[in-house]
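Notes to accompany the following structure.
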Amino acid sequence: MEYQRLAEATEPKENRVKHWHEFVHHLSEQDAGVQGARCMDCGIPFCMSGCPVNNIIPDWNDLVFKQNWKQALDVLHSTNNFPEFTGRVCPAPCEESCTLNINNDPVGIKSIEHAIIDKGWEMGWVVPQPPKRKSGKRVAVVGSGPAGMACAQQLARAGHSVTVFEKNDRIGGLLRYGIPDFKMEKWLIDRRIEQMRSEGVTFRTSVHVGNADCLPPGVNSLATTSIAAPLTARCFAPPTRRRSGRRTTGGTARPGRPPRT
Ligand code: SF4
């Protein structure tokens with residue numbers, strides 16, 4: 001392998017302890033291009049099946065290698081509504097699946113994704129995409145975490161009138177309430193919300209759809225006149241800890257591993 005894997009630069013810890021902001025800096029264009037060159041464009045790209053959103057990774061690796069950033073952004077956005085979220089906080093199972101990982105360091109896929117989307121925003125390439133025609137149909141999306149936001153954005157771009165219901169007083173779900181600023185700052189979520197508003201999405205906060213007593217006037221009728229109501233909410237309660245001898249329903253303890261206490 002001609003090029004080695006490069007880690008993203010991090011702010012020195014002496015500075016980092018003085019604030020709560022992000023401290024990881026995306027790769028430079030040149031370094032991202034070198035990382036893209038490490039991709040072997042395997043016949044079977046296992047990285048893609050490792051990625052939960054099936055990003056077309058070898059294609060944008062090659063486009064970044066060729067410094068064709070705009071097209072790389074388009075390919076990235078074709079499968080991923082919010083690469084600035086995944087490029088910062090995804091645990092990168094794609095890199096675990098990378099063929100290079102068998103006997104070398106995997107391609108720094110997540111760092112390339114991070115560099116593509118940050119450059120896209122810097123260049124003003126990420127703009128609202130309102131639909132050309134409205135379908136006349138209404139959709140209610142329950143939950144405003146990443147799944148709810150992506151669902152709402154796709155449906156709005158398809159021409160539907162989309163309303164997102166969120167039980168908390170701010171949009172973002174686990175993105176906002178589960179990720180500290182030093183990993184991903186909240187203005188990144190707000191920027192996407194503004195884009196989605198421009199595309200026609202309506203957000204209604206402090207509406208707990210699971211609790212009929214909390215529904216404000218008008219919410220019931222919207223739910224009954226919508227063509228669909230995707231449920232994207234997830235549980236905020238922490239998992240209970242396993243105790244010795246305890247098994248989850250339908251599962252078995254792994255042989256050879258001591259139970260966690
Ligand atoms: S880091 Fe990006 S490409 Fe890798 S698994 Fe996560 S979303 Fe997919």
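In straight Cα distance, which aspartates and glutamates are under 12 Å from Lys183, not counting same-chain residues fewer than 8 positions off?
Glu22, Glu84
Amide H neighbours of Arg138 under 5 Å, at least 5 residues apart or on other chains, H built in the peptide plane: list them.
Amide H neighbours of Arg138, under 5 Å, 5+ apart: Ser161, Ile227.
Hey, what did the range 9-122 get for relative contact order, percent, Cα under 8 Å, at least 6 apart?
Over the range 9-122, the number comes to 30 percent.
If amide H atoms are built 1.01 Å from N in the plane of the peptide, which residues on other chains or at least 5 residues away come under 5 Å of the amide H of Leu6?
Gly108
Quick one: net charge around Val126, please, counting Lys, Arg +1 and Asp, Glu -1 for every other residue with C-beta under 15 Å from its C-beta.
-2
Taking θ = phi - 60°, what integer Hz values does the Karplus form 6.51 cos²θ - 1.76 cosθ + 1.60 yield along the range 76-88, in sequence order, with x for Gly and Pro?
In residue order, the calculated couplings are 5, 5, 5, 10, 9, 5, 10, x, 5, 7, 5, x, 9 Hz.
Per residue of the range 19-31, what does 6.51 cos²θ - 1.76 cosθ + 1.60 with θ = phi - 60° give for ³J(HN,Hα)? Whole Hz please, x for Gly and Pro, Karplus curve as stated.
8, 10, 7, 4, 10, 9, 10, 5, 5, 5, 4, 5, 5
Can you count the Lys pairs in the range 1-147 whose Cα atoms are under 30 Å apart, with each pair 8 or more apart or on different chains?
For the range 1-147, the number of qualifying lysine pairs is 12.
Compute the Cα gyration tensor for the range 21-63, then decide on rounded, prolate or oblate, letting a ≥ b ≥ c be the square roots of its eigenvalues: rounded whenever a/c is under 1.5, prolate when a/b is larger than b/c in the other cases, and oblate in all that remain.
Oblate, because a/c is 1.5 or more while a/b does not exceed b/c.
For the range 26-112, what Kirkwood radius comes out of the mean inverse Cα-Cα distance, in Å?
Across the range 26-112, the inverse of the average 1/r is 12.7 Å.
Out of Gln4, Leu27, Ile57, whose Cα points farthest toward the positive end of the dipole of the range 1-112 (charges: +1 Lys, Arg; -1 Asp, Glu; placed on Cβ)?
Working it through, the farthest residue towards the positive pole turns out to be Leu27.
Just so you know, all these numbers are worked out from the coordinates, no wet-lab data involved. These numbers come from a predicted model, not from an experiment. So basically every Cβ, Gly included, is an ideal-geometry build from the backbone, and we count neighbours across all protein chains shown.
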